[in-house]
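Contents: one structure, followed by commentary.
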Amino acid sequence: MYRSPVREPLITGKKDLHDITEDIARPIETKANKWWWSLFIFSVIAMIWGFGCIAYTIGTGIGVWGLNNTVGWAWDITNFVWWVGIGHAGTLISAVLLLFRQKWRLSINRTSEAMTIFAVVQAGLFPLIHMGRIWMGYWIFPLPNQFGPLWVNFNSPLLWDVFAISTYFSVSLVFWYMGLIPDFAMIRDRAVKPIAKKVYTILSFGWSGRAKHWQRHEVMSLVLAGLCTPLVLSVHSIVSMDFATSVIPGWHTTIFPPYFVAGAIFGGFAMCQTLLLVARKVVSLEDYITMKHIEYMNIIILVTGSIVGCAYITELFIAWYSGVEFEQYAFLNRATGPYWWAYWAMMTCNVISPQLMWFKKLRRNILFTFIIALFVHIGMWFERFVIIVTSLHRDFLPSSWSMFSPSFVDIGIFVGTCGFFLVLFLLYARTFPVIAQAELKTIVKTSSSKYNKNKNE
Amino acid sequence: MSNKIIYGLYADDEQLLEATKKIVAKGHRVNEVYSPYPVHGLDTAMGLKYSRLAITSFLYGMMGAILITLLMWYVMVGDWPMVIGGKPNFTYGQNLPAFIPVTFEATVFCAAHLMVITFLFRCGLFPGSSSRNPDPRTTDDKFLMEVHESDSKKITEIKKIMKETGAEEIKVKNNTNELLEEFEEIRQKQTQKLMKASKKKQSFMKKIFNKISKK
């Protein structure tokens, strides 16, 4: 078997097959520590607060948000796009990196896919809430009905979004679960307590690891990766078309699809870093999520951050070059108008801060990585805020120009989704195998420090 | 002559692959291999046919594209054409660009989900299924080879090959259940041990509790 003389081992700590089993099963078989409980309680409180705000919104109407006549779309859609974007990194890691045969994905793909699913759950909440009358939610589907007949409009990007998000969510969920089956079987075969045994027997679908099953499983994973790759690109392209196909200056831009996709991967990798840096400490996975993994992810953050920066500058240039006064004003207003602070927060966090990753010392520094990841979260949130609110707040009639300020409900719902996201993630971290151990075991011989003795040893 | 099952347990995938090739070369059939992860080259060594799952996915995708096209034609052109944004919907072809995103999503939706359902169906996997690997260690770090044979001469020959190629354990059973039961007993003993231990712990806690309450 080929052993690279140069590459750093992807699994440190001299692990063999059985050690991997033990390490992945440990968080499930042991009790949670204080850190887990305190974080869990904290996020449950945030979640309940958010659900309260959602109930208040549904009960009273979306007038409880800070919206006004001019700015009729603000935090709801900002949060929606932010969460959907975060989801993209998971699919990129599990699908695109599988097609490129990047072995380092194996330690992080399970957790980042989980992140995808939980983030899309949060994203999906916003369109539902901002309908106002959530009980009419099923009207978004093309159902035969008695209203006219009134069908949905297949020309509308908002309807494309319905198809894109539901396909994306369900396909990612299935992709994730199919990978989980062999790992659940591993937990099942180790389980001693009767209830755990039963639960993991059900979850593992009766997986036995037969040669033919593995052969089919591999074909299926490859085809799903092939399907997910264009899917993930299409989803954020379609999200961007919610804006790009409108005629609002600042939204009506052809660069949006690639720019949004790059931004989504950028923001998603930052969230991946945040979660993994915490998870590797809390469930002690330092041997699997090594410095090398963190560095690889930082490089992707650097690349996608540069693409995003390039897109910002292109937008400015095209606004000037187009010669359209309204377009030019929209961008001038973004950078120098009353929301200048949001624009420059976005510029600093998204364009300048990731450039520091060019330094090897910095991108191999855990604390620095964590801080930059937080910066990217802020920057990416402000990117959506800038695009949405600053393009709307000064519209075609100067007499109706206004500002947007969020109400406590806007803030509450956003905080609530962060809490809900963390609750799901924390529960996942203690009940699911957090690393795709079956897949990881395939690279033990080539990439574990036990077998791969190279110059780094 | 009764059918016997020979089980060879390996600790290394390269040894397993070598053993499979040797056994097949001697004219026997390796009926099944249980492994913790996919072993590359094992399917061809065992003489398994390639999987047609990818083809089914393509067909499902085509089906999805056709179905969604029919739906969109019916909704936008057939049943109730509307003028939206000054752009009439009287022919499907002229409006095609607007229908591409949904067509793509429906194609992926059908291709992915129906393929996964086919996979589960073909492998007999479903929630609550009681089927499993006979040796629980094969989801951890061991590889189990299963050969069905009735001729006692051939059995000894296969056992010899297994031993030569480095099998850790070689067992001959009448059927799979025998092996399953063997491991089930071990597991039940473990469970009982655990229950006893937790009971002991409880009684220990009770003692402390009693002490405190007495004070």
Hits in the range A:191-208 - residues which are facing chain B (nearest Cβ under 7 Å) and touching a helix residue (DSSP H, G or I) at 6+ places or on another chain (Cβ under 6 Å) | A:Val192, A:Phe205, A:Trp207
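Please work out if B:Lys160 is open to solvent by 30 Å² or more (accessible area, probe 1.4 Å), more than 13 Å from chain A (Cβ to nearest Cβ) and modelled with pLDDT of 85 or more.
yes
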Give B:Ser57, B:Ser51 a once-over and let me know the one that is closer than 28 Å to A:Phe184 by Cα, hydroxyl-bearing (Ser, Thr, Tyr), outside any loop (DSSP other than H, G, I, E, B) and open to solvent by less than 30 Å² (accessible area, probe 1.4 Å).
-> B:Ser57
With respect to A:Thr167, determine if the residue is buried (at least 16 other Cβ atoms within 10 Å of the Cβ) and either within 14 Å of chain B (Cβ to nearest Cβ) or closer than 22 Å to A:Gly50 by Cα (or both).
-> yes
From B:Met76, B:Met63, grab the single residue that is part of a helix (DSSP H, G or I) and either among the charged types (D, E, K, R) or away from chain A (no Cβ under 13 Å) (or both).
-> B:Met63
Those residues that are within 26 Å of B:Asp12 (Cβ to Cβ) and polar (S, T, N, Q), I need them from the range A:1-52; list them, please.
-> A:Ser4, A:Thr12, A:Thr21
Which of the residues spanning the range A:239-256 are open to solvent by less than 10 Å² (accessible area, probe 1.4 Å) and in a loop (DSSP other than H, G, I, E, B)?
-> A:Gly250
Which of the residues belonging to the range B:1-12 are outside any loop (DSSP other than H, G, I, E, B) and open to solvent by 20 Å² or more (accessible area, probe 1.4 Å)?
-> B:Lys4
Scan of the range A:264-289 for residues that are of a type in the set (Val, Ile, Thr) and open to solvent by 10 Å² or more (accessible area, probe 1.4 Å), ordered by number | A:Ile265, A:Thr274, A:Val278, A:Val282, A:Val283
Does at least one position in the range A:51-70 carry a residue that is open to solvent by 20 Å² or more (accessible area, probe 1.4 Å), without any contact (Cβ under 8 Å) to a residue 12 or more places away in the chain and closer than 20 Å to A:Val171 by Cβ?
-> no
Starting from the range A:381-409, keep only residues that are farther than 19 Å from A:Ala335 by Cα, then list their pairs with residues that are open to solvent by 30 Å² or more (accessible area, probe 1.4 Å) and among the β-branched types (Val, Ile, Thr) whose Cβ atoms are within a distance under 8 Å, requiring at least 6 positions of separation or different chains.
-> none
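Can you say whether A:Phe368 is more than 15 Å from A:Trp251 (Cα to Cα) and either in a helix (DSSP H, G or I) or open to solvent by less than 10 Å² (accessible area, probe 1.4 Å) (or both), as far as the supplied structure shows?
yes
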Which residues, taken from the range B:110-132, are among the aromatic types (Phe, Trp, Tyr), open to solvent by 30 Å² or more (accessible area, probe 1.4 Å) and within 7 Å of chain A (Cβ to nearest Cβ)?
-> B:Phe126
Search result, residues across the range B:17-38 that are buried (at least 16 other Cβ atoms within 10 Å of the Cβ) and more than 10 Å from chain A (Cβ to nearest Cβ) = B:Leu17, B:Glu18, B:Ala19, B:Lys21, B:Lys22, B:Ile23, B:His28
Scanning the range A:1-55 residue by residue, the ones that are among the basic types (Lys, Arg) and within 19 Å of A:Glu286 (Cβ to Cβ) total 4
If we ask which residues in the range A:148-164 are within 11 Å of chain B (Cβ to nearest Cβ) and open to solvent by 70 Å² or more (accessible area, probe 1.4 Å), their number turns out to be 1
Provide a single number: the residues in the range A:318-341 that are surrounded by 16 or more Cβ atoms within 10 Å (Cβ to Cβ) and either within 22 Å of the chain's Cα centre (by Cα) or not in a helix (DSSP H, G or I) (or both).
-> 2
Any residue in the range A:85-96 that is within 25 Å of the chain's Cα centre (by Cα) and at pLDDT 90 or above?
-> yes
Which residue, of A:Leu233, A:Leu224, A:Leu180, is of a type in the set (A, V, I, L, M), within 20 Å of A:Thr21 (Cα to Cα) and under 28 Å from the mean Cα position of the chain (by Cα)?
-> A:Leu180
Check whether at least one residue in the range B:184-202 is away from chain A (no Cβ under 13 Å), more than 20 Å from A:Lys212 (Cα to Cα) and in contact with a Lys or Arg (Cβ under 9 Å, 6 or more places away or on another chain), and report yes or no.
-> no
Take the residues of the range B:79-109 that are of a type in the set (A, V, I, L, M) and either more than 25 Å from A:Leu227 (Cβ to Cβ) or open to solvent by 60 Å² or more (accessible area, probe 1.4 Å) (or both): which is nearest to the other protein chains (Cβ to nearest Cβ)?
-> B:Ile84
Residue by residue through the range B:39-52, note down the ones that are among the polar types (S, T, N, Q) and facing another protein chain (nearest Cβ under 9 Å).
-> B:Ser51
Consider B:Met145 carefully, then state whether it is at the interface with another protein chain (Cβ under 10 Å from one of its Cβ atoms) and assigned to a strand (DSSP E or B).
-> yes
Give me the pairs: first residue in the range B:81-106 and touching a residue at least 24 places away in the same chain (Cβ under 8 Å), second residue open to solvent by less than 60 Å² (accessible area, probe 1.4 Å) and part of a loop (DSSP other than H, G, I, E, B), beta-carbon distance under 8 Å, and six or more apart or on different chains, which are they?
-> B:Phe99/A:Phe154; B:Phe99/B:Tyr92; B:Val102/A:Phe154
Subset of the range B:92-132, residues farther than 28 Å from A:Leu158 by Cα and not in a helix (DSSP H, G or I), comes to B:Gly124, B:Leu125, B:Phe126, B:Pro127, B:Gly128, B:Ser129, B:Ser130, B:Ser131, B:Arg132
What about A:Val174, is it in contact with a helix residue (DSSP H, G or I) (Cβ under 7 Å, 6 or more places away or on another chain), more than 9 Å from chain B (Cβ to nearest Cβ) and within 19 Å of A:Leu97 (Cβ to Cβ)?
-> no
Taking the options A:Trp75, A:Trp83, name whichever one is open to solvent by 20 Å² or more (accessible area, probe 1.4 Å) and within 13 Å of A:Phe126 (Cβ to Cβ).
-> A:Trp75
Starting from the range B:165-181, keep only residues that are part of a strand (DSSP E or B), then list their pairs with residues that are open to solvent by 50 Å² or more (accessible area, probe 1.4 Å) whose Cβ atoms are within a distance under 9 Å, requiring at least 6 positions of separation or different chains.
-> B:Ile170/B:Lys159; B:Ile170/B:Lys163; B:Lys171/B:Glu178; B:Lys171/B:Glu182; B:Val172/B:Lys4; B:Val172/B:Lys159; B:Lys173/B:Lys4; B:Lys173/B:Glu182
Of the residues in the range A:406-422, how many are open to solvent by less than 30 Å² (accessible area, probe 1.4 Å) and within 18 Å of A:Leu275 (Cβ to Cβ)?
-> 3
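The values are calculated or read from the model by the stated rules, or taken from the named source; none is laboratory data. Owing to the predicted nature of the structure, the values given are computational and were not obtained by experimental measurement. Note that we place each Cβ from the backbone using ideal geometry, even for glycine, and neighbour counts take in every protein chain shown. In case anyone asks, the SASA skips ligands and DNA or RNA and just uses the protein heavy atoms, side chains included. Shrake-Rupley method; radii C 1.70, N 1.55, O 1.52, S 1.80 Å.
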